[in-house]
1. What's the minimum Cβ distance from chain C to the axis relating it to B, in whole Å, and which residue gives it?
2. Please check: in the Gaussian network model of chain C (C-alpha springs, under 10 Å), which one of C:V189, C:V134, C:V52 has the largest mean-square fluctuation.
3. Under the rule that an exposed site lies in a DSSP loop and has at most 16 other Cβ atoms within 10 Å, name the longest stretch of chain B with no GluC sites (Glu not before Pro) of that kind, not counting the sites themselves.
4. Could you tell me the relative contact order of the stretch B:5-193? Use alpha-carbon pairs under 8 Å, at least six residues apart, and round to a whole percent.
5. A 30 angstrom limit on the alpha carbon distance is what I want to check against. Which of B:K56/C:K110; A:K110/C:K28; A:K28/A:K110; B:K110/C:K56; A:K110/C:K110; C:K28/C:K56 exceed it?
6. On average, how much area does the Cα convex hull of the stretch A:39-176 cover when viewed from any direction, in nm²?
7. Suppose a student asked you for the relative contact order of the stretch C:102-195, using Cα pairs under 8 Å spaced at least 6 residues apart; what percent would you report?
8. Which value does Rg/Rh take for the protein assembly as shown over its C-alpha atoms, Rh per Kirkwood?
Amino acid sequence: MHLSFLEIINILGTLSFAISGTSAAMRKELDIFGIIIIAFVTAIGGGTLRDVLIGKLPVAWLQDSQTITVVLVGTITTIIFGTWVKKLNYTLFIFDAMGLGLCTLIGIQKGMELHFSPGICIALGAMTGCFGGVIRDTLLNEIPLIFRKEIYASACIIGGLCYYGLLYLKIEHRQAQVICIVLIVLLRVFVVKYQLSLPSVYVKKPS
Amino acid sequence: MHLSFLEIINILGTLSFAISGTSAAMRKELDIFGIIIIAFVTAIGGGTLRDVLIGKLPVAWLQDSQTITVVLVGTITTIIFGTWVKKLNYTLFIFDAMGLGLCTLIGIQKGMELHFSPGICIALGAMTGCFGGVIRDTLLNEIPLIFRKEIYASACIIGGLCYYGLLYLKIEHRQAQVICIVLIVLLRVFVVKYQLSLPSVYVKKPS
Amino acid sequence: MHLSFLEIINILGTLSFAISGTSAAMRKELDIFGIIIIAFVTAIGGGTLRDVLIGKLPVAWLQDSQTITVVLVGTITTIIFGTWVKKLNYTLFIFDAMGLGLCTLIGIQKGMELHFSPGICIALGAMTGCFGGVIRDTLLNEIPLIFRKEIYASACIIGGLCYYGLLYLKIEHRQAQVICIVLIVLLRVFVVKYQLSLPSVYVKKPS
């Protein structure tokens, strides 16, 4: 089986989100099927929403067994190791950041294949990257990460703009893709580590 | 009007979920339109998600008046009787279990018609069975039944596996379908009655 | 650029919901990208759900830049003015009511173009009008307006029935459309102003 670069990125993104979904579900002490469902929804949520909106139906994961296999491998590995480690929070955060970077790029590429405008492609990328995590958090009754006043969707948008900038500068495609992914992941890590946030739009009222 | 066996199952499933949705909405004391909306969403939610994902659009209930009629009949009957009975909890539970069994089978069948793999068909079945209830509970701001540590999606999966097992053993189609439905309903009833749950994946930490 | 009457209605509806979404997000003090996402989801949510269900894919806003432009203009204007005004509650309510009326009519029209039955067209209208607001409130972790025991979806349904009534009475199309929109907006305003609600279906239990 020969996999293209983008297929490998897609598998890594799915795997990352499956691990982040499993970690989140284990923190809430769901039973085994509950964990698998949350892992699955996190891993495929963003891509599924994107495929539905662009009308690429039936959605891809119904027609191959690869996605399900990747999710199950990620989930079971995380369960086995996850019962022994204490830092589920950290696992959740790191793999969520990786999934965000990887899946955003996939979303942008799908948009470019259909010749949508750059703005729409970046929106599709952000949607692919963010939506799985939003469903995961909503189903687990947490405030979605995306709304916790840390740069989240913004990281996808910045990564996407940078990607178009690099293509405009005639940087080689593959390199631009890798830079875009790494940039999004690093942005998330730095933002959380140094607790950065966007400048406020709210005028302080005199107290 | 001649209805096939599967059409009858589909109507019964829709009716069951309409009744369970109405009971849930009445417990929250929504007004009449709120009740109808929740009943409708519960009844069609799972099938709609399935039809969107497999690309069978426009979704079926837009094109016939049968589904809407069934939902309205179920809702109005439940409202009339429901104001006099006290056991809305029990009504909700029983009809939710029936809807789960009936709609899971419908979902599996739709997948088989499109020649998806058994794993995907069972996933489509579980989705058809569970999703209406998940939306119902999310909209009513309750923790979805599916995550309450009772066997729920697992019942659909076990029922689906059993169905494929029976087909493999050359049991007649109709019989296998009835057994699959009854098995899921009984599983739910027993599980809740005897408060069973899946074995935990969590290693107990020494206290 | 020549715009038809319905295109103008659609733009006004999108703009209204973008303003209501921005107001709601600012009340919760989200950051700038969070505000834009909520505004966007509120503005396109109802129409997107409708287009997915009727299978009109890719959804319209992926293919033109008009919708995104309208949302951004509405959002940025609201942010600039919104930081100075205190009555975000009132802005949110008024523009939500306007969006409701405008988008309900658009939804009914889309259904009529596809020759669906009147019941289904009104359901599509109510969905187009209500769903954006439901997502907005769910994402912001509030109880959706639609379930707050004020006439909400009911206003769309009454407006829709009235529209069909006017067409049946051979009132000119354009006039009937305007009356339908105005009726829905006024219904919402009156209902909230005078705190009306539907008659209860609950039999009072003797205490």
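1. Measuring from each Cβ to the axis, the minimum is at C:V52, 3.
2. So, out of C:V189, C:V134, C:V52, the one fluctuating most is C:V52.
3. In short, B:30-141.
4. Once divided by the residue count of the stretch B:5-193, the mean separation gives 26 percent.
5. A:K110/C:K28; A:K28/A:K110; C:K28/C:K56
6. 9.4
7. 27
8. Reported Rg/Rh (Cα atoms, Kirkwood Rh): 0.96.
Every read-out reported here was derived from the displayed coordinates using simple, explicitly stated rules and does not represent laboratory data. In this text the structure is predicted, and so the values were computed from the model without any measurement. Quick reminder, even Gly has a Cβ in these numbers, built from the backbone with ideal geometry, and neighbours come from all protein chains shown.
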